[in-house]
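As structure tokens, the structure follows; a few thoughts come after it.
Just so it is clear, none of the values below were taken in a lab; they were calculated from the coordinates. Fair warning: this is a prediction, and the values are worked out from it, not measured in the lab. Here Cβ is always computed from backbone atoms with ideal geometry, including for glycine, and neighbour counts include all displayed protein chains.
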């Protein structure tokens, strides 16, 4: 799947191909088991977002994308520390802990209640994922601590891009890898709009080098008919979309926030990028 899980916006054909791949099937098998076996531990947390994180429109692409970049970055080495920044609690860090048993997997999130759940899942499953409560703007880790950081669909929920990216830079080793994914609102009614996305990418450019020849211009290919979006996900299976409340609720919320009604569901895609820490800035 290396040539099909590209940086930038996912293409429909690549998305559909990925779902049939061995990589995805292996991940799905682990995720399905994790959701069932840890349901009691996760409890109400599953209601805060979704019961099954993998089977969501963008995550079916994002998790395999991140895994593929981790494989490329660390190769056969075991002397690595990886941080899931803004982790929440999902199957993915525990899956990595299984695939890379000797690699140190850390998770950080501002939710104080997650430490107990991480500990319980570790004990139950014999895993060793290390969780710390913390703010991404002030990470509770030493300088140059991590070889790789991944941040999946978190940055669209904050406006403090600069401080967060500075912290990523601080805790990464020189030449370390940063993997970032975030939703992009094609019609600008949700976060992140194309314009805000460009601001975020400009921050990344100041501290990190691209690993591929992907253009940093988010608007260059977003309108292409082949880009995977929430509309295409709805056509595949409407359960892939996370919104469960009546449409009117979301439309009113959009008016309050953006001063205009949004079409529903919102027209979103996802942007993925892998970078390396500049030695000097």
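FRET efficiency for the pair residue 51 and residue 12, taken as 1/(1 + (r/R0)^6) with r the Cβ-Cβ distance and R0 = 25 Å, rounds to 0.45.
Note on residue 263/residue 79: beta-carbon distance plugged into 1/(1 + (r/R0)^6) with R0 of 35 Å gives a FRET efficiency of 0.10.
Arranged from fewest to most other beta-carbon atoms within 10 Å of their beta carbon, 72, 28, 62 become 72, 28, 62.
In this simple spin-label approximation, residue 170 and residue 143 carry label points 7 Å from Cα along the Cα→Cβ vector, and these lie 1.0 nm apart. Summarising the label geometry, the points placed 7 Å from Cα in the beta-carbon direction at residue 234 and residue 119 lie 4.4 nm from one another. When the square roots of the Cα gyration tensor eigenvalues are ordered a ≥ b ≥ c, the ratio a/c for the chain is under 1.5, which makes its shape rounded. Each peptide in 198-205, 267-274 receives the mean, over its residues, of other Cβ atoms within 10 Å, and ordering these scores from highest gives 267-274, 198-205. In the chain, the calculated helix contribution to ellipticity at 222 nm averages -12000 deg cm²/dmol per residue, counting -39,500 (n - 2.57) for every DSSP H run with n ≥ 4.
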